[in-house]
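Notes to accompany the following structure.
Throughout, read-outs are computed from the coordinates displayed, never taken from laboratory work. What you see is a predicted model; the values in this text were computed from it and never measured. In this analysis, Cβ positions are derived from the backbone assuming ideal geometry, glycine residues included, and neighbour counts consider all displayed protein chains.
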Amino acid sequence: MSDTLVFATFQSGGVRIYDINNPFRPEEVAFFVPPPPRVLVDPRPGIKLITHSADLYVAADGLIYVTDYNGGFYVLEYH
């Protein structure tokens, strides 16, 4: 948990972390873009073989759990 950091996913843009200490000038301080998936897991027709980061959860211990529709599950740590 943080009063000054925002953790977000941007689908093919991966995970982005923003410092909002100055709310009028947020600054990206970290990012993670998973590698392109090797196989398509999403069964819907017309889906492209690209990274699709969807959800994240930031635990109290600082670990970040991220799902990707096509690439699986990632566990990250922000320092």
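Measuring nothing but alpha carbons in the chain and taking Rh as the Kirkwood radius, the Rg to Rh ratio lands at 1.04. Taking amide H atoms as placed 1.01 Å from N in the peptide plane, the amide H of GLY14 lies under 5 Å from those of SER53, each 5 or more residues away in sequence or on another chain.
Taking amide H as placed 1.01 Å from N in the peptide plane, the amide H of ASN70 sits under 5 Å from that of HIS52, each at least 5 places away or on another chain. Put a plus charge on the Cβ of each Lys and Arg, a minus charge on the Cβ of each Asp and Glu, and nothing anywhere else: the dipole of the chain about its Cα centre is then about 420 debye.
Each residue in TYR65, TYR57, TYR18 was given a count of other beta-carbon atoms within 10 angstrom of its own, and listing them fewest first yields TYR57, TYR65, TYR18. Annotation for the range 2-46 versus the range 50-66: alpha-carbon center distance of 9 Å.
In order along the range 40-48, the phi-based Karplus estimate (6.51 cos²θ - 1.76 cosθ + 1.60, θ = phi - 60°) of 3J(HN,Hα) comes to 8, 9, 5, x, 5, x, x, 7, 7 Hz; Gly and Pro are listed as x.
Relative contact order for the chain: 25 percent, from Cα pairs under 8 Å spaced at least 6 residues apart, divided by residue count. The fewest-to-most ranking of ASP55, ASP68, ASP3, ASP19 by surrounding Cβ atoms within 10 Å reads ASP3, ASP55, ASP19, ASP68.
Rounded to whole numbers, the Karplus 3J(HN,Hα) couplings from phi for the range 66-76 are 10, 9, 9, 3, 10, x, x, 9, 10, 10, 10 Hz, using 6.51 cos²θ - 1.76 cosθ + 1.60 with θ = phi - 60°, and x at Gly and Pro. Loop-resident trypsin sites (Lys or Arg not before Pro) (DSSP state other than H, G, I, E or B) in the chain with no more than 12 further Cβ atoms inside 10 Å of their Cβ: ARG38, LYS48.
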